[in-house]
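Each reported figure results from applying straightforward, stated rules to the coordinates on display, with no laboratory input. Bear in mind the structure is a predicted one, so any value in this text is a computation, not a measurement. Note: ideal-geometry Cβ built from the backbone for every residue, glycine included; neighbour counts use all protein chains shown.
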Amino acid sequence: MIQIGETTLNLSDPLTLALLIGVGLAVLIVILLIAALRGVSRAAHASEPLIYQMDQMGRAVEALGRGQEQLTGGLTSVSNAQANAQAQVIQSMETRLAAVQQQMTDRLHENAMKTARALSDVQEKVNQQLQGGSEKTTKSLTELQARLATIDRAQENITKLSGDVLSLQDILSNKQTRGAFGEIQLTDIVSKALPKDSYSLQATLSNGKRADCLIHLPNPPGPIVIDAKFPLEAYEAIRNANSDGETRAAQQAFKTSVRAHIKAISDKYILEGETADGALMFLPSEAVYAELHANFPEIVREGFSARVWIVSPTTCMATLNTMRAILKDARMREQAGAIRSTLKQLHRDVELVVERVQKLDTHFDQARRDIEGIGTAAERAGKRAARLDNFDFEELAPEDTRVEDASAAVARLTMRD
């Protein structure tokens, strides 16, 4: 493609190619003319043939000019045809573009409507989900609030329990308060298991020693002493030992402490003729009791040999329930005589009731016979009245005697009553 002003030449077009060739030839001729004119000064003596050639060349140039004009007209026609074709193509393209644009607009509108409906559905679903989520959130917050309230109450209880634990630690850190704690726990267990008149607290024996609790069991075995002991320091030393040496030392101290308690109870509270042939050592801690029986069985056997039985709160309750059964059986034996006497009196009362029932039955039988006689007499009196109503006096005399008998029976019944 070659652009000349507003005209565009296509090299693939034969007319355009011929025009270009013609222009080239014209240019070549002009160049030859120029060369010939330059050679005039050098060849003034040119011959007529040269003039003739020049004339022929001028005619050829004229013919070439006329061909160029025809070629220019052809090129103009071709350019106009090409412009018309291009206008038609452009118009067709514009029409097609308009149609395509309309189709695109319609599709965009349809897609916009579909998108709007989809967004509406999505928004509705989102609103429903948000509403459901809000309800669930409200419910969860309500439950959470209730749980937080429960946790607050539990925290208050834990705080209170922590204070109680600290108070208990303060109590157990001192030997006197620890002993008082064991005595209070023993008192609580005994008071729940036995009647009030079957035990004595802080009872003084004949040797001047004071027992924490004395159970009044019958002979045998006799009154038995329960004394509360709490070897806490030695037990805590075992729990807090960090080496084998510390553990052995703490275990030795624990055995020494328990042995001392067993010996003290055996010497103070087992008195021949006054108390039972044995006593109980009460350990207020199940942990200490378990440690003793699990790791120091020889100490337990030494207690058996010294007739001192070691009990914990749980085993003490079981032992006291057994003692309660013994006390109940002893009291039943004590009351056996009174029960037999009462049974004899009850048997006599039953016999009197039977006798009186028999007499009453006799009276009822006599009253029944009298009532039957009254009924018979009343029946006969009714018959007599009926006969009187019919003016029938033939058998009047015998009926009078029967009426008198009925009157006598009524009189006897009245006198009995």
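Before moving on, here are some points about what is shown:
- Between residue 199 and 216, the built amide H atoms are under 5 Å apart, and every one of these is 5 or more places off in sequence or on another chain.
- For the range 125-136, Karplus couplings with θ = phi - 60° (6.51, -1.76, 1.60), whole Hz, Gly/Pro x: 4, 4, 4, 5, 5, 5, 5, x, x, 5, 4, 4
- The packing ranking, built from the mean of other Cβ atoms within 10 Å per residue, places the peptides 188-196, 222-230 in the order 222-230, 188-196, highest first.
- Phi angles across the range 343-350 convert, under the Karplus curve 6.51 cos²θ - 1.76 cosθ + 1.60 with θ = phi - 60°, into 3J(HN,Hα) values of 5, 5, 4, 5, 5, 5, 4, 5 Hz, Gly and Pro given as x.
- All C-alpha to C-alpha distances of the range 179-334, sorted into 10 Å bins beginning at zero, yield P(r) values of 11, 39, 33, 13, 4, 1, 0 percent in whole numbers.
- Residue pairs, from the table 196/263; 209/263; 209/229; 192/328; 209/255; 192/263, whose Cα atoms sit over 19 Å apart: 196/263; 209/255; 192/263
- The listed peptides 315-321, 360-366, 25-31, ordered by packing as a protection proxy, come out as 315-321, 25-31, 360-366 (highest mean of other Cβ atoms within 10 Å first).
- Sorting the segments 209-219, 65-75 by their mean number of nearby beta carbons within 10 angstrom, highest to lowest, gives 209-219, 65-75.
- Relative contact order %, the range 196-300, counting alpha carbon pairs below 8 Å whose residues are six or more apart: 27 percent
- Cut-off under 5 Å, modelled amide H: who pairs with residue 230 long-range: none
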